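One structure is given below, encoded as structure tokens.
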Amino acid sequence: RKKMATDYVRIGQSILEGFASSEEAKKLSALNDIRRYLKEDNETDEIKQAQINSNIKINPRKAKLLQTTDEIYEREMAKMKRVPFIDTFVTLSPQSEEIFQLFDSYSEDTTSAVTYAIVDTLANIINGAAEHGRKGRSHLTEYAVMIAKRIMKKNFSFIESYVEAKYYRLARAALRVLSAIVSLNSNLAREVLSVFNFSVCQQLPLGANLGEQKFNESVRGCFAEFCFSFFEHKDSASILCLVVEKKYFLSLLFPGLPADPHGVVKMLVQKMTQGICFNPQIRKTSKICLFGGKALTYFAQACDTSPETAEVVLPFIKLICCDSQHGIAFHNNPVPMFDSDSSAVRNVVLKTFFASLKPEHNVHQRTIFNMLLVNHPELFDAYISNFSRSLEPRDTRIWYSATRLAIEVISLPPVPLPAESSASPSCLANFYAKRCQPAFLSRLDLSRILQHPVPLVRKTGLELVCAILQKLAATLIVTAAKHVRIPENWTEMTDKVIEIPLLIESIKKKCTDPLWTQFCELLCRNVNSGIPDAQVLIAARQKVVLGDTKGKGEGGEQQDQHFETKDETKNQNKTTTTVAKTATAAKTATEKEKEKE
């Protein structure tokens, strides 16, 4: 311990002599020495802890007295009484006057390596002193606060200008200084919020295209650390209210989320959830401003980074979009069509986010799409109005995706009828008929799908018609629930399409409400008018049953052949070979089918 203290005194005196020198190289060397020994302080703690943990062997007789290895570690560290370098440096330079004098000399030179070294050294001194202050050396905490206050009083304008400097290494150092100051206490955090011009952060390269650079060493990583430092205080709820009011601050993190590491996205989601969503002092209008625009779209794109990221982000999106208490959603009206003050008018951000999703091509966005439709039925109209793809039957992957999505949307639970509704039965019937069979599904389109030569297309068409009939039955059951006792296994009965008419007739006989009976007849009439004739359905079903095995082979081969020919312009030879192999395989499969028959 005496040798270590003597060495640190000698090193500290050498550093002060370097500051007094007129040579720039010696000044830069002195600053580098401070940063190196401050780094060794942290590394020494980790190394010593690892050595102690590996050398200690707990005697079974003493196990009752020593509960954890942490207690042993604390005892061993107390015996060593190791003095950190920062403690010696504070003794030699109580005000760090030498560093601030050097700062005054180089503050206007943003391209000098000495300027970067000064700013980075100040960040390391504040962080190092605060870290050892939390371990029991309270005078080091006071020292860190003193350094921070002096920067805020005399040098803050330069630190602020460095943030938007084109010399990005200097911008990273300036952001680390700001993070260190904010992390010290809530008073300094509020002072930074009141004087810092957050608009300068818009000039930072906050994209996630880092190349070989590590995230923590990038401008984006330092900016994220600066943002997260406001979440660390005990009274962070009131501080975050001020943070959210800065419109161009936290939202600058969102565009780079799709390419961020999983740990960064997880940390951001956790801090947003606890610090903003569950913060009762932050108003909903402020949350709408924060998550408006393309913010939610960036979160949705981040789900494609990895399965672990999707598990973290999807619940967060559900909290933001579907929780009226902690998120940005307003209370839903069960049947928004009949309410002039509809939530569809107020949920403008959700409607914009809903329209930006591409559920036909992305599994995570399809999950978000269905989640929004279940919790916000009024968005169904937006789905219909934004549906621009033709469902004219085609044996293409795009057509199958669009049709499968339509089946999932139709299969969503029906909207419950309000307890007190003044709407007429015809108005209700028209409203629910659009939910059972959207406007883009015409009777002619369904007939063409069921009569298409490709078996896979016909089978998809039958699934579409079954989904419409099942939605019709579910709608009648839900709307009749307040008049008739419904069987508990009604969902199983609607799964079998052949039992749907029997179920509807049994409900009609039990229900004595004339308005519901009229509504039921009108709804069935509206839906039946959009479904092809029974002969078309029976013919399509017979073709599927009789040629099920053969249809799978032919339909699958035709589908693969069609999808593969899309790449013909890129690689003609490869496509020609693939088509030839596909045709040969189809012919062989057909011959085998004939032999089996």
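The values are calculated or read from the model by the stated rules, or taken from the named source; none is laboratory data. Keep in mind that what you see is a predicted model, and the values were worked out from it rather than measured. Using ideal geometry, Cβ is built from the backbone for each residue, glycine included, and neighbour counts are taken over all protein chains shown. Areas reflect the complete protein model, heavy atoms only, side chains present, ligands, DNA and RNA absent. Shrake-Rupley method; radii C 1.70, N 1.55, O 1.52, S 1.80 Å.
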Notebook entry, point to check: Being part of a helix (DSSP H, G or I) and of a type in the set (Lys, Arg), is that true of even one residue in region 181-203?
Noted result: yes
Margin query: Against the condition in contact with a helix residue (DSSP H, G or I) (Cβ under 9 Å, 6 or more places away or on another chain) and either open to solvent by 20 Å² or more (accessible area, probe 1.4 Å) or at pLDDT below 85 (or both), how does Ala439 come out, does it pass?
Written below: yes
Note to self: Residue pairs, Cβ under 8 Å, 6 or more apart or interchain, first in region 9-30 and touching a residue at least 60 places away in the same chain (Cβ under 8 Å) and among the aromatic types (Phe, Trp, Tyr), second part of a helix (DSSP H, G or I) and loosely packed, with under 14 Cβ neighbours inside 10 Å. List them.
What the structure shows: Phe19/Gln101
Next item on the list: Only residues that are closer than 18 Å to Cys277 by Cβ and modelled with pLDDT of 85 or more: list them for region 223-250, please.
Entry: Cys227, Phe228, Phe230, Phe231
Item checked: Qualifying position, being of a type in the set (Lys, Arg), under 22 Å from Cys427 (Cβ atoms) and either under 40 Å from the mean Cα position of the chain (by Cα) or at pLDDT below 80 (or both), among Lys509, Lys552, Lys471, Lys459 -> Lys471
Margin query: All but one of (1) more than 28 Å from Leu357 (Cα to Cα); (2) not in a loop (DSSP other than H, G, I, E, B) hold for Pro280; state the number of the condition that does not hold.
Written below: (2)
Checklist line | Out of Val265, Val312, sole residue that is within 30 Å of Arg190 (Cα to Cα), among the aliphatic types (A, V, I, L, M) and not in a loop (DSSP other than H, G, I, E, B) | finding: Val265
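Conditions (1) part of a loop (DSSP other than H, G, I, E, B); (2) modelled with pLDDT of 90 or more; (3) out of contact with any Phe, Trp or Tyr (no Cβ under 7 Å at 6 or more places or on another chain), marked per residue:
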{"site": "His364", "(1), (2), (3)": "no, yes, yes"}
{"site": "Leu379", "(1), (2), (3)": "no, no, no"}
{"site": "Ser385", "(1), (2), (3)": "no, no, yes"}
{"site": "Ser390", "(1), (2), (3)": "yes, no, yes"}
{"site": "Arg394", "(1), (2), (3)": "yes, no, yes"}
{"site": "Ala406", "(1), (2), (3)": "no, no, yes"}
{"site": "Leu412", "(1), (2), (3)": "yes, no, yes"}
{"site": "Pro418", "(1), (2), (3)": "yes, no, yes"}
Next item on the list: Only residues that are in a helix (DSSP H, G or I) and open to solvent by 50 Å² or more (accessible area, probe 1.4 Å): list them for region 243-262, please.
Entry: Glu245, Pro255, Ala259, His262
Check: Could you give every pair whose Cβ atoms fall below 7 Å, whose first residue belongs to region 234-246 and is farther than 13 Å from Ser194 by Cβ, and whose second residue is open to solvent by less than 30 Å² (accessible area, probe 1.4 Å) and small (Gly, Ala, Ser), counting only separations of at least 6 or pairs across chains?
Finding: Asp235/Ser186; Ser236/Gly275; Leu240/Gly275; Val244/Ser286
Notebook entry, point to check: Tell me, which residue of region 83-108 that is open to solvent by 70 Å² or more (accessible area, probe 1.4 Å) and outside any helix (DSSP H, G or I) is farthest from Thr141 (Cα to Cα)?
Noted result: Glu108
Margin query: All but one of (1) surrounded by 13 or more Cβ atoms within 10 Å (Cβ to Cβ); (2) of a type in the set (Val, Ile, Thr); (3) at pLDDT 85 or above hold for Thr111; state the number of the condition that does not hold.
Written below: (1)
